[in-house]
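Worksheet: the structure to be examined is printed underneath.
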There are 2 protein chains.
Amino acid sequence: MSSAKPPLALSGERFTAVYRLAVDAAEVEARARAIGLEQTVEFPDALIPSDAIREQIVGEIAAITPCARADGGSGFEVSLRYPVEAAGSELTQLLNVLFGNVALQPGVRLQRIELPPALLDGFRGPRFGIAGLRRALASALAPDALHPTRTPPEAAKASSTPPQRPLLCTALKPMGLSPSELAELAYRLALGGIDLIKDDHGLADQPFCRFDERVARCAEAVHRANQETGGHSLYLPNVTAPATAVVARAQRAKAEGAGGLLFCPGLAGLDTMRALADDDALALPILSHPALLGGLAINPGTGIAHGLLFATLLRLAGADATIFPHSGGRFTFTASECQEIADAARASLGTLQPIWPVPAGGMRLARVPELVESYGSDSIFLIGGDLHAGPDLVERCQAFRALVERSADGSVIDRHQ
Amino acid sequence: MSSAKPPLALSGERFTAVYRLAVDAAEVEARARAIGLEQTVEFPDALIPSDAIREQIVGEIAAITPCARADGGSGFEVSLRYPVEAAGSELTQLLNVLFGNVALQPGVRLQRIELPPALLDGFRGPRFGIAGLRRALASALAPDALHPTRTPPEAAKASSTPPQRPLLCTALKPMGLSPSELAELAYRLALGGIDLIKDDHGLADQPFCRFDERVARCAEAVHRANQETGGHSLYLPNVTAPATAVVARAQRAKAEGAGGLLFCPGLAGLDTMRALADDDALALPILSHPALLGGLAINPGTGIAHGLLFATLLRLAGADATIFPHSGGRFTFTASECQEIADAARASLGTLQPIWPVPAGGMRLARVPELVESYGSDSIFLIGGDLHAGPDLVERCQAFRALVERSADGSVIDRHQ
């Protein structure tokens with residue numbers, strides 16, 4: 001290696017991070033400058049050893065505009081532009097430049113980002129997205145296709161038109177049931193026409209419910225129900241796991257005929273999810289769960305804005321669908337925060353697929369019309385406990401499905417029914 | 001597989017999570033109960049299908065006590081006890097039970113945890129900790145030992161008594177320097193007697209500073225300085241990286257003679273760090289950086305308490321040292337929050353090693369006496385930019401070291417000098 005020092009010569013392309021700052025007009029420019037230093041050189045401006053670094057590396061201020069603050073105080077939106085090379089095509093480092101150190105400072109919230117093609121092109125994003133998951137549900141990824149030794153019934157083979165209605169999702173729970181009890185539940189949920197039957201995110205590999213046995217039994221149960229109904233329910237086991245076990249569990253899930261994966265990037269890493277999504281040998285839809293991660297969004301003056309955290313960043317990290325707590329359930333997201341997530345999930349983002357918003361968190365059947373009204377057809381409704389609140393689980397699932405179909409626009413009602 | 005349903009029969013051993021809730025006396029018990037359900041079965045109590053699950057799985061309330069709240073409102077500390085089996089020996093799932101879903105709710109902060117041996121024994125924790133890193137600095141892990149083809153000078157061979165003073169740490173920066181420029185810096189920092197020379201956490205694998213070249217050059221430079229001085233400076237490259245690249249970068253770092261690793265678990269996953277720490281083929285000390293992760297601590301009414309987040313959880317995840325922003329720098333942690341971190345870093349935690357608190361974030365040489373006073377000898381002082389504020393970097397490092405030695409208790413002054 002030569003010890004020559006080539007001059008720094010970056011492309012000049014930049015990506016933009018917009019921060020909302022709780023500061024006075026007198027302070028805002030200094031604070032913006034400090035963030036531009038903090039997130040790049042992390043060095044006092046006066047000590048930066050070259051103008052090339054100051055000009056090419058340090059985050060530069062593109063705009064400062066006053067904005068309203070939730071608490072009534074003065075605030076500003078500040079746009080900072082960072083060199084694309086600083087993020088180095090890595091999601092971990094992109095997150096770091098956007099918000100690594102300033103996450104530890106009060107009064108600053110990362111509101112939105114704008115990434116040029118030079119940066120976006122480094123991310124494959126969701127493998128399925130909205131259109132891909134609809135196709136998967138119609139046929140390609142149903143357990144029959146994933147498990148070629150199992151013979152699909154003629155009814156299933158024939159159904160190649162994807163449903164255009166909102167999708168139905170539920171969770172296998174509660175924790176404490178055995179694999180065979182969960183499989184029996186999965187069977188009945190599939191009989192009832194639930195599209196996506198996922199593990200509760202608290203089902204890991206506990207001694208009372210081992211991953212391998214659970215996944216084998218539940219995948220088989222959903223397959224059996226599909227055989228009987230001609231339906232296409234998918235089973236999505238939870239592969240949130242220790243770093244050294246994630247890929248093996250996902251492979252096992254695929255081998256057993258799972259139709260997708262549930263993953264909690266807040267517990268196991270955003271980039272770990274990205275690696276699952278990019279794995280051509282897996283090629284399964286990924287449903288993202290907000291456990292722990294959501295803590296970065298809930299304080300309005302700090303952290304990361306709802307739409308950016310629960311949708312844009314998860315799309316970069318390969319999620320095909322994003323679960324979040326809908327307003328009025330057990331959590332406290334507002335209707336507009338939820339709308340922000342749904343909008344960001346389906347907004348244009350380079351060539352990355354739009355993804356499914358999955359409102360959840362204590363939803364009830366009675367709210368289906370409102371969910372359809374709020375989120376439209378390209379959304380997944382996740383109802384857990386309330387499906388178990390009637391005398392017959394299968395009938396209640398059918399009622400859920402009928403409600404969704406009735407509430408959705410007549411023109412996009414599932415033609416399979 | 002049989003479809004028999006064995007009754008749920010857990011050990012009855014439980015671990016404790018203490019939450020601080022911003023609620024009135026009239027609401028506290030219902031809120032505590034709701035958390036016990038949310039973090040386990042995530043199911044309405046009335047629908048839980050068996051008493052065995054209700055009794056053995058659901059988090060049970062152990063204590064409710066009033067506590068002061070920062071904003072003056074009423075508050076309670078609630079102790080909930082969860083079955084050890086619910087966490088399933090996995091850090092990801094332990095985090096989930098402790099705080100997965102409630103991280104999305106306002107008015108609840110995870111204050112502290114108590115883990116019984118049955119659970120702690122599943123975690124190896126820090127491989128080095130305080131004593132191990134002192135030994136590594138004395139000889140074992142100095143680049144000479146890691147790189148047997150390089151011959152250590154007699155001076156280095158002879159130094160087998162670990163220093164008992166606080167350790168000195170700095171970062172290679174700013175981003176934008178080339179590998180050879182960073183290596184030149186590393187060389188001079190090692191000449192000046194800095195114990196731990198880490199990559200800035202923003203150095204990843206950017207096109208203007210590739211990981212492989214940087215690590216090779218910097219490791220060589222620190223080795224060369226050690227050869228000249230008889231010192232034992234360690235170089236710790238940043239291996240925060242995409243999920244599929246972390247282990248390879250750590251292995252590369254080890255092969256090049258790095259003396260430890262820098263890692264940002266908030267960017268790349270707590271359990272990814274745990275896997276690095278548990279990797280017997282690596283066996284390098286790990287310095288944890290709080291990027292992004294810190295966002296979970298900074299709002300006093302939500303998130304995770306400073307000591308628990310920056311020390312206890314990082315010990316479970318294998319960190320040997322924990323960087324956090326000391327009060328009075330560029331960040332706003334209070335002195336008592338910093339003390340909480342230092343205490344938790346060195347508190348008893350089963351058989352897990354105590355670890356090094358690393359106060360940082362805009363520290364200056366002038367504050368060394370105060371740092372020594374606050375943190376004592378078992379701590380690492382990380383000074384970045386201020387080392388570059390004098391006319392000569394090597395001399396300023398020597399002044400830093402002299403200050404630390406002079407400020408520390410005479411009885412524990414480094415005997416190598």
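The values are calculated or read from the model by the stated rules, or taken from the named source; none is laboratory data. Note that the structure is a prediction, hence the values are computed from the model and not measured. Glycine also receives a Cβ, built like all others from the backbone with ideal geometry; neighbour counts cover every protein chain displayed.
Couple of notes before you dig in:
- Matching entry among B:Leu189, B:Leu234 (being touching an Asp or Glu at 6+ places or on another chain (Cβ under 8 Å), among the hydrophobic types (A, V, I, L, M, F, W, C) and in contact (Cβ under 8 Å) with a residue 60 or more places away in the chain): B:Leu234
- A:Pro49 farther than 24 Å from B:Pro325 by Cα and in contact with a His (Cβ under 9 Å, 6 or more places away or on another chain): yes
- Taking the listed residues B:Leu203, B:Leu189, the one that is of a type outside the set (Phe, Trp, Tyr), over 30 Å from B:Thr312 (Cβ atoms), at pLDDT 95 or above and assigned by TED's automatic domain parsing to the domain that holds B:Pro369 is B:Leu189, with no other qualifying.
Quick grid of which residues meet (1) more than 30 Å from B:Asp195 (Cα to Cα); (2) more than 9 Å from chain A (Cβ to nearest Cβ); (3) in contact with a Phe, Trp or Tyr (Cβ under 6 Å, 6 or more places away or on another chain):
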| residue | (1), (2), (3) |
| --- | --- |
| B:Ser50 | yes, no, no |
| B:Gly73 | yes, yes, no |
| B:Phe76 | yes, yes, no |
| B:Glu90 | yes, no, no |
| B:Leu94 | yes, yes, no |
| B:Val97 | yes, no, yes |
| B:Leu120 | yes, yes, no |
| B:Ala138 | no, yes, no |
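- Unmet criterion (only one of (1) within 14 Å of the chain's Cα centre (by Cα); (2) farther than 20 Å from A:Ile197 by Cα; (3) more than 14 Å from chain B (Cβ to nearest Cβ)) for A:Ser407: (1)
- At least 2 residues being away from every other protein chain (no Cβ under 12 Å) is the threshold, and among the helices (runs of 4 or more DSSP H) wholly inside the stretch B:205-315 those reaching it are B:211-229, B:246-256.
- Under the condition of being over 21 Å from A:Pro126 (Cα atoms), without any contact (Cβ under 8 Å) to a residue 60 or more places away in the chain and of a type in the set (Gly, Ala, Ser), the residues counted in the stretch A:85-104 number 1.
- Only one entry of B:Ser79, B:Ser89 meets the criterion of being surrounded by 17 or more Cβ atoms within 10 Å (Cβ to Cβ) and at positive phi, and that entry is B:Ser89.
- Selected residue (criterion: surrounded by the fewest Cβ atoms within 10 Å (Cβ to Cβ)) from residues of the stretch A:54-76 that are of a type in the set (Asp, Glu) and at pLDDT 95 or above: A:Glu55
- Top-ranked residue in the stretch A:178-202 [being within 27 Å of the chain's Cα centre (by Cα) and facing another protein chain (nearest Cβ under 9 Å); ranked as surrounded by the fewest Cβ atoms within 10 Å (Cβ to Cβ)]: A:Asp200
- Test for A:Pro106: is it facing chain B (nearest Cβ under 9 Å), assigned to a loop (DSSP other than H, G, I, E, B), of a type outside the set (A, V, I, L, M, F, W, C) and more than 32 Å from the chain's Cα centre (by Cα): no
- Leading residue by the ranking (modelled with the lowest pLDDT) among those in the stretch A:316-335 that are surrounded by fewer than 23 Cβ atoms within 10 Å (Cβ to Cβ) and more than 8 Å from chain B (Cβ to nearest Cβ): A:Gly329
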